[in-house]
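To start, the structure itself, in structure tokens.
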């Protein structure tokens, strides 16, 4: 009984800290509660974020606000066609005094790394992120260098411009836990943006609200959030249907199932719950799975998108009954 109480208290603490973080970021990113919450979910799941939106909606400031709010180092990589993998990872430089090669790490060694306009770099350069994003380490000159913790890559790309870009391959897209859009602000929110930036940008007054030790505690606690067997089955059935759908050439991999599982745990924790509900799955499925699917060419000609297919799958799949998120003895 005491153990259950301590778990419940830990989850309440996670919810309080996460909402404090979200509120702090919202001082800069006005009227975008859901995208901000999704970015925090990515951080708590030790995942990465792909921001796909038009210029000027606050993608860069979102990444900077996150870094400032958690007191972590921030690195920005501006992806261009002439960018080389060594510009990201780092390179070895000969030290004439000691007569040895010394490794000088690149911007990937930051804790919050902004990969700006990632699709403007060549596939060779894009692939420099694969090991870092999946294994939290880089290999240079045969030596492994561990990345700092926490570590999150927030990549941006413009969905409108295609000239001079290189589409991200499926292996790269699969490394991102979530893909999301910020979108244009509402009328009232845009007026507030004008007022807030009358004299200075709000980001200059942003301060740290939670520390790195608290982030690590939240990440550990969320792994104990309970997921019932019916909800696990619901997650897997959604992912399996992406593989069998007639309009999908390539469905989501088991990494998608695990990503959705982890993201649901984080959403439950943010809301102060110690168990996952089917509603968490429905809310996050589109953001976790859509970018992991390849739509058939014929379906694309009919303007059918992966997001629409996910919603179709959710609409046709029975939702686990009431109480499915709670602990069930038969789950053991």
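Observations on the structure shown:
- Within a Gaussian network of the chain (alpha carbon springs, distance under 10 Å), most fluctuating of 19, 119, 296: 296
- Most mobile of 179, 243, 267 in a GNM of the chain (Cα contacts under 10 Å): 243
- Sites residue 298 and residue 189, calculated FRET efficiency, Cβ-Cβ separation with R0 30 Å, nearest 0.05: 0.15
- Fraction of antiparallel bridges per DSSP, the range 1-158 only, in percent to nearest 5: 45 percent
- Cα gyration tensor, the range 168-217 - rounded (a/c under 1.5), prolate or oblate: oblate
- Residue separation of residue 99 and residue 54 scaled by 0.36 nm, minus their Cα-Cα distance, works out to 11.3 nm of gained length.
- The chain: C-alpha gyration tensor shape, a/c 1.5 cut-off, then a/b vs b/c: rounded
- Note on the chain: antiparallel DSSP beta bridges, both residues inside, total approximately 40 percent of the bridges counted.
- Gained length - residue 122 relative to residue 84, 0.36 nm times residue gap less alpha-carbon distance: 12.8 nm
- Calculated FRET efficiency for the pair residue 249/residue 213, C-beta based, R₀ 41 Å, to 0.05: 0.35
- Look at 245, 48 and count the other Cβ atoms within 10 Å of each Cβ; fewest to most, that gives 245, 48.
- Among 101, 176, 199, a tally of other beta-carbon atoms within 10 Å of each Cβ gives an order, fewest to most, of 199, 101, 176.
- Order of 231, 30 under a 10 Å beta carbon neighbour criterion, fewest first: 30, 231
- Considering only 13, 96, 157, the Gaussian network model of the chain with Cα springs below 10 Å gives its largest mean-square fluctuation to 96.
- Applying 0.36 nm per residue to the separation of residue 19 and residue 76 and subtracting their alpha-carbon distance, the gain on full extension is 17.9 nm.
- Under 20 Å from the residue 196 label point (7 Å along Cα→beta-carbon), backbone N, the range 143-162: none
- Across the chain, C-alpha contacts under 8 Å between residues 6 or more apart give a mean separation that, scaled by the residue count, equals a relative contact order of 22 percent.
- Rounded, prolate or oblate (a/c below 1.5 giving rounded, otherwise prolate when a/b exceeds b/c) for the range 179-331 by Cα gyration tensor: oblate
- FRET efficiency, residue 134 to residue 305 (Cβ-Cβ, R0 35 Å, nearest 0.05): 0.85
All of the numbers you see were taken from the coordinates with simple rules; none came from a lab. The model shown is predicted, which means the values in this text are computed figures rather than measured ones. As a convention, Cβ positions derive from the backbone with ideal geometry for all residues, glycine included, and neighbour counts pool all protein chains shown.
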